[in-house]
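Asks: This is the structure I want to talk about, given as structure tokens.
The values are calculated or read from the model by the stated rules, or taken from the named source; none is laboratory data. All values reported here derive from a predicted model rather than from experimental measurement. Cβ placement follows ideal geometry from the backbone for every residue including glycine, while neighbour counts extend to all protein chains displayed.
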Amino acid sequence: MQPNVSLVVALGLATHLIRVCNRTPNTPRVKYDKDKLFAIPFVKEHGPVILEYLFVIPCVYHIVLTATLRDREPSALCPHPNHPDHKYFTWSPYTVICLSIIFASATLRLLAFRTLGKNFTFELAQPDRLITTGIYAYVQHPSYGPLFVLICATVMLFLPLDGALGCLLPFSAVELWITWHWYILACIIVIMSIALGVRVRDEEAMLKETFGKAWIEWNQRTPRFVPYLF
């Protein structure tokens, strides 16, 4: 398998976007004291750093394999070269779809970052004004849906056990992923949905407390996650 320079570049750009989308854009000066997620000590102390770098190492490893994996001979970099499915390391319908989803969802999330400016923080903090223009004229929480989709696409491209990680794992683990990967992804979705539900409820309570009637009117006329639908 010959390295594909354009794919390496695309994977590198995707990795950069994944990190930026998971990096704390601003640190709040005054934090909201009813933030349930960041009331958990481990999340408060380590959550932002873990979120920023969680995917970086496997993404970089995937990129290195894409650039260097030539054949199916064992090496220090890939002890089990027969385990990975090489569709992850070439331009294929699979990589095109995953990368397209990553680029699109990252663009939407970063647009939400830009629209809120200094008021976009990972830890809840009362903003100095209620933003209802731009992307926020269409959805109340335009960054959460894209993050949700971004993480799912990242897992499916960079973290499948029959992908780059298959180089390091016994074949039994690869077989487990092949058989159960949709169930594993479903579990990830459930966990993220629970965390997202907690965050949205806390954020909306904070905004209602801060802006009162103005927020209630915006909340009633604006969908939460999907324009015109939900």
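Asks: Look through Thr222, Thr179, Thr154 and report the one residue that is more than 20 Å from Ala106 (Cα to Cα), out of contact with any Gly (no Cβ under 7 Å at 6 or more places or on another chain), touching a residue at least 24 places away in the same chain (Cβ under 8 Å) and among the β-branched types (Val, Ile, Thr).
Replies: Thr222
Asks: When segment 176-230 is examined, which residues are found to be polar (S, T, N, Q) and either assigned to a helix (DSSP H, G or I) or within 18 Å of Val149 (Cβ to Cβ) (or both)? First the steps, then the outcome.
Replies: Just the residues of segment 176-230 that are polar (S, T, N, Q), to begin with: 179, 193, 210, 219-220, 222.
Once the filter is applied, which keeps residues that are polar (S, T, N, Q) and either assigned to a helix (DSSP H, G or I) or within 18 Å of Val149 (Cβ to Cβ) (or both), segment 176-230 yields Thr179, Ser193, Thr210, Asn219, Gln220.
Rundown of residues vs (1) surrounded by fewer than 18 Cβ atoms within 10 Å (Cβ to Cβ); (2) more than 22 Å from the chain's Cα centre (by Cα); (3) not in a helix (DSSP H, G or I), yes/no style:
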| residue | (1), (2), (3) |
| --- | --- |
| Val30 | yes, yes, yes |
| Asp33 | yes, yes, yes |
| Glu45 | yes, no, no |
| Val49 | yes, no, no |
| Ile57 | yes, no, no |
| Ile63 | no, no, no |
| Thr66 | no, no, no |
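Asks: Then there is this: Would you say His83 is surrounded by 12 or more Cβ atoms within 10 Å (Cβ to Cβ), assigned to a loop (DSSP other than H, G, I, E, B) and not hydroxyl-bearing (Ser, Thr, Tyr)?
Replies: Criteria met by His83.
Asks: In segment 118-132, what residues are in contact (Cβ under 8 Å) with a residue 40 or more places away in the chain and either in a loop (DSSP other than H, G, I, E, B) or at positive phi (or both)? Please lay out each step first, then the result.
Replies: Residues of segment 118-132 that are in contact (Cβ under 8 Å) with a residue 40 or more places away in the chain, as a first pass: 118-127, 130, 132.
Result: Phe120, Thr121, Phe122, Glu123, Leu124, Ala125, Gln126, Pro127, Leu130, Thr132.
Asks: Hey, another quick one. Can you tell which of Thr107, Thr154 is among the hydroxyl-bearing types (Ser, Thr, Tyr), buried (at least 21 other Cβ atoms within 10 Å of the Cβ) and part of a helix (DSSP H, G or I)?
Replies: Working: Thr107 fails: buried (at least 21 other Cβ atoms within 10 Å of the Cβ).
Of the residues listed, the single one that is among the hydroxyl-bearing types (Ser, Thr, Tyr), buried (at least 21 other Cβ atoms within 10 Å of the Cβ) and part of a helix (DSSP H, G or I) is Thr154.
Asks: If you don't mind, there's one more thing I want to ask. What number goes with the only condition from (1) at pLDDT below 95; (2) within 25 Å of Lys44 (Cβ to Cβ) that Ala112 does not pass?
Replies: (1)
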